[in-house]
1. Would you check the accessible area of F:I144, probe 1.4 Å, heavy atoms only, in square angstrom rounded to 10?
2. Towards the positive end of the charge dipole of region A:120-165, with charges on Cβ (+1 Lys, Arg; -1 Asp, Glu), say which of A:A146, A:L126, A:P164 has the farthest Cα.
3. Near C:R26, within a Cβ-to-Cβ distance under 9 Å, what is the net charge of the other residues, with Lys and Arg +1 and Asp and Glu -1?
4. For peptide A:146-152, compute the average count of partner chain beta-carbon atoms within 10 Å of each residue's beta-carbon.
5. With an 8 Å cut-off on Cα pairs and a minimum separation of 6 or more residues, tell me the relative contact order of chain A in percent.
6. Is the shape of region B:127-168 rounded, prolate or oblate, going by the alpha carbon gyration tensor and its root eigenvalues a ≥ b ≥ c, with a/c under 1.5 for rounded and a/b larger than b/c for prolate?
7. Applying the Karplus parametrisation 6.51 cos²θ - 1.76 cosθ + 1.60 with θ = phi - 60° to the phi angles of region B:85-99, what ³J(HN,Hα) value in whole Hz is obtained for each residue in order, glycine and proline being reported as x?
8. Go ahead and set up a Gaussian network model of chain F, Cα springs under 10 Å, then flag whichever of F:P219, F:P48, F:P81 fluctuates most.
There are 6 protein chains.
Amino acid sequence: MSINQLGIVKRNIVRADKSAVEKLARFGVATVHEAMGRVGLMKTYMRPIYAGAHACGTAVTVLMHPGDNWMMHVVAEQIQPGDVVVAAVTSECTDGFFGDLLATSFRARGAKGLIIDGGVRDVKDLTAMEFPVFSKAISAKGTIKATLGSVNVPVVCAGVLVNPGDVVLADADGVVVVPAAIAQQVADAAEKRESLEGEKRAKLAAGVLGLDMYKMREPLEKAGLKYID
Amino acid sequence: MSINQLGIVKRNIVRADKSAVEKLARFGVATVHEAMGRVGLMKTYMRPIYAGAHACGTAVTVLMHPGDNWMMHVVAEQIQPGDVVVAAVTSECTDGFFGDLLATSFRARGAKGLIIDGGVRDVKDLTAMEFPVFSKAISAKGTIKATLGSVNVPVVCAGVLVNPGDVVLADADGVVVVPAAIAQQVADAAEKRESLEGEKRAKLAAGVLGLDMYKMREPLEKAGLKYID
Amino acid sequence: MSINQLGIVKRNIVRADKSAVEKLARFGVATVHEAMGRVGLMKTYMRPIYAGAHACGTAVTVLMHPGDNWMMHVVAEQIQPGDVVVAAVTSECTDGFFGDLLATSFRARGAKGLIIDGGVRDVKDLTAMEFPVFSKAISAKGTIKATLGSVNVPVVCAGVLVNPGDVVLADADGVVVVPAAIAQQVADAAEKRESLEGEKRAKLAAGVLGLDMYKMREPLEKAGLKYID
Amino acid sequence: MSINQLGIVKRNIVRADKSAVEKLARFGVATVHEAMGRVGLMKTYMRPIYAGAHACGTAVTVLMHPGDNWMMHVVAEQIQPGDVVVAAVTSECTDGFFGDLLATSFRARGAKGLIIDGGVRDVKDLTAMEFPVFSKAISAKGTIKATLGSVNVPVVCAGVLVNPGDVVLADADGVVVVPAAIAQQVADAAEKRESLEGEKRAKLAAGVLGLDMYKMREPLEKAGLKYID
Amino acid sequence: MSINQLGIVKRNIVRADKSAVEKLARFGVATVHEAMGRVGLMKTYMRPIYAGAHACGTAVTVLMHPGDNWMMHVVAEQIQPGDVVVAAVTSECTDGFFGDLLATSFRARGAKGLIIDGGVRDVKDLTAMEFPVFSKAISAKGTIKATLGSVNVPVVCAGVLVNPGDVVLADADGVVVVPAAIAQQVADAAEKRESLEGEKRAKLAAGVLGLDMYKMREPLEKAGLKYID
Amino acid sequence: MSINQLGIVKRNIVRADKSAVEKLARFGVATVHEAMGRVGLMKTYMRPIYAGAHACGTAVTVLMHPGDNWMMHVVAEQIQPGDVVVAAVTSECTDGFFGDLLATSFRARGAKGLIIDGGVRDVKDLTAMEFPVFSKAISAKGTIKATLGSVNVPVVCAGVLVNPGDVVLADADGVVVVPAAIAQQVADAAEKRESLEGEKRAKLAAGVLGLDMYKMREPLEKAGLKYID
């Protein structure tokens, strides 16, 4: 399946291992992003449509043209419980590609949320439904249903390559994509990272400085830092 | 009254029919925008200053220069109960043209809210007052009172032409302007649209796909959509 | 200490008078900004990371390079109770320079908040901690610790010069910087301004127009304003 | 013809008086904008696609949907010699709605240029043809031909209302729209303004200060300006 | 090689077929983009640093961190004659990652140009050298050499996935990426497209309307277009 | 003189040493910025209004309010031969604060150029005059003359603190500010840097890699870089 191919729906995709997804869901986006080596984060313009929105699941992808959400109905059929829909558009567009009717349908299929490099609407209803959406824009402007895009092809969404089946994790800090092949390994690394943080937090709260806890004084001095009065 | 004319206050304007305004107020911006044929929506940078802000009323318009809010005091006198003030600026400016004192005055005159293609301040107070404002920016920077603009001339606000008396509707999805002449007709179309949605929502919630409900399978196939495994 | 000098930590800085800081903390940013003559406001892209965030204190400054937060640990040691950390970056960068561990450390030192012309992360935790942060962006992307910046040199943050020891006040309307030397005088002017507002508000609420209260009718007429029907 | 109505082509429009257009073409955008009282200027993101581009003519308007340039072919037929096509899009889109084939067709019909609140492509060819275009973006991305817009309805383009038949003037300083009804009057005012500038320029070049030439010293002193050494 | 992996240099990459690259170089970006089905275009903020810049070649990729261009020196060694360097950054940064010294080195290795989702400097020199660069920004701000990125891993640059060996084509209309596997096929499609354009251009220049040439009148009428007088 | 003070004109300022200015004028902005340690660069949105614009001189500063250029006439009188005017605005505004008449006056006083964190107009004339301007925007929109700002107070322009008398250097790579006190030292450092570049360029042109010339292979290996085939 090549990137951005048009007019295609791929039905059988390999989803990341369920246990890895469940484990990743326990961590924050910042922790997982660190555990991956600081790659895979979508651009910072991607924001939750309501405070507290959180989503984690396996990606089913959809590629649309500006102002046209026809493929949203096509992707709905490909959703399996635990999936997150990742929507890309072939050029920048803030129109409202998604609203409460589609959310009702997505939820009925078991979707855990929507990540869209475009706009959505019916934000009040989506909030009431607690259907998590992370988007570039909010816009009441609806779309037409006239041109083909694709479903479950690799897409670039908000600067990140997403392959169908990858794990997508989204919270107040942004949206991160974990390739399916390394999901378990990243989940383990995140767990390890998290376990170390509790101890650090306690020390810092007690007034220990990061300068000492991380033994930074010597490298800072070597780098030439000067203290003056 | 020509567009953007300066130094003018028009006292008598024809407001949209009250019953049409009241009916439109029952619907969301997305529904009304669809009912109008997807025109009349302000740019998506217009956002409510607090979650849940909602406004609907007849437009009284004000045109100001950047950094100068003198005309805000002039427009206050022209407000009638049920009006929404729509403020445009002759060039881009994010200064705070409006705060809690003006809001107090506007409310005393019966204003239902403010739509401004510029900045506002005293956001905490405005929120406490529950005075709905949709703006391009929030800025503590005050303005001077030195140059004339106009009141109740046609203005372009956030990309949309607003004539005094038009209906302005604003919620979480954005701001839409309904010309006074078609307010009743749009309200009826919105009502019709809304009444159809309940049934659709129930079907989608039950797992019926939009593909089938909207009979899209055949046109998609004709357009060349290919399913692969 | 010259502006933006690198590789320096200044330990002894002159902080604004405590009583002036406490007095300024009672007023809103808009009021203080007016009291200063409408200067000293940071750019409007600086936003609180949670609704209701509020901070007031004396500035300790930190200058960092894009993608590198090493100096955040250095500035922590220079914090005294009542300080607000003001962070500038040598070129635009939205990475997450700050998260809940640093916030724990800053709070342990007595910091009242963070103002950063860059990104932060762990927003959910920072919100739970009620640690006020005003930033340009939110980003899960972490940073490295490789290059020297400075602490307590004058910096330009979001368009405003901040000298160590200046008063920084931040609320829903933005962030304003009051030079230490005029803090008391600005606090007094703000108090005076505030005391006049209550009376005005009452009049406006009673329906008196600003046009009359501020005696604007004559100057408007002189400027050429025309009323038409 | 109401603003932004869809699915309509208006064939007979009243164009601004030819002599007024010709006179306006002799002046710069800045001069004409001043002569109109500083209104009617499109947003500053509208830029010429090549250095030195200049256009003046009567507006024929076209309204399109994002990613769809079908109506460009419809507007071509409505062009009369001396017209400038003004293209608006119902929501923000930077796709390339226009290229060298359409330019060839527009020129064959007598078009003087294109003003588009969207993207264009084939910039190298358009430059070689010296076909003046002022646009929001340049993009190789083509568009589809699937949805109806309108021709010769009033549109808002880059923040300005344009009625069919209005005069559009574009140069290095931007794009200004002169309503047909006041074209002659604005042209006369521009001429008067221009004639005064030569004399002023000579004085300023000789070292006379604007302070003295415009007699500003007294008002500045009254406003409170202090000179210090 | 997975996307965005850090600390890796891949030495052996499969470059697109030379004859396909040469053929693609004869066409414009708009033509090639159409020939690919309107996918593969970088975001429109990518602009040439001088008028007339043009580049075509096979991609060698480099991934860097914000403010750090160490890997630019690593990628230089991997350049083969006919390559275009495609540079991505792990988060948004406009610093000047590239200047005339690196350009001298790149050219000595046979590079045909640089595409960078970041900033460059020494623009005057690069222009004098006629070394084509397409970038997001111009900035005199230099970078450090402290952190590892990668060379010849797949990267996302300005919204498009680029695999090492893909064909990159850049001109006044933007930057398009053609996957190596379909380079010949796209080149052939572009050729076919181009050959049809000459005939069309002649017809349009003679005054034939696209409405008639493309037989659009009937579908427009069916879609409901109304002509009024 | 405190930062951003309003209603003040400072007549006697200490300008950077003439010989230092002359020496700095021989180098590019990128070289000088490096010589200063990578600080002092204005934001990258500051662009020349014509290709090839270049300016170097001592700063006279002016602070204005949005939409008001009254102080431009006041600063004109304070210009001495060799000065560059640096204009800041109290909040963001793209209006045209400056055009060919003011340029004529500035040139008559000996000004070397204008750096403005706002808009300018009459770009065609300014280009013909070869009067170098670096600005945030181009806009035909004129301004009023109603409110006081200041002349020769310290200002923040495009993110950089500028004190009257500092050296300002602008070319295709951007605008850099060199504090008067270190102008000579920076000029010397720039000269040294430049002299080293010729030799490096020759080596790189001969095919020597930066990897070897800068001895980067070992540190890269230590940092963990892996070469794979």
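The values are calculated or read from the model by the stated rules, or taken from the named source; none is laboratory data. As the structure is a prediction and not an experimental result, all values here were calculated from the model. Cβ coordinates were reconstructed from backbone atoms using ideal geometry, including for glycine residues, and neighbour counts include every protein chain displayed. Remember, those area values only see protein heavy atoms, side chains included, never the ligands or the DNA or RNA. Shrake-Rupley method; radii C 1.70, N 1.55, O 1.52, S 1.80 Å.
1. Counting only protein heavy atoms, F:I144 exposes about 40 Å² to solvent.
2. Going by the charge dipole, the pick is A:A146.
3. In short, -2.
4. Working: counts 9, 7, 5, 2, 3, 2, 1.
Shielding by partners across A:146-152 averages 4.
5. 31
6. oblate
7. Listing the rounded values in order: 7, 10, 10, 10, 10, 5, 8, 4, 7, 9, 4, x, 7, 8, x Hz.
8. The residue with the greatest mean-square fluctuation here is F:P219.
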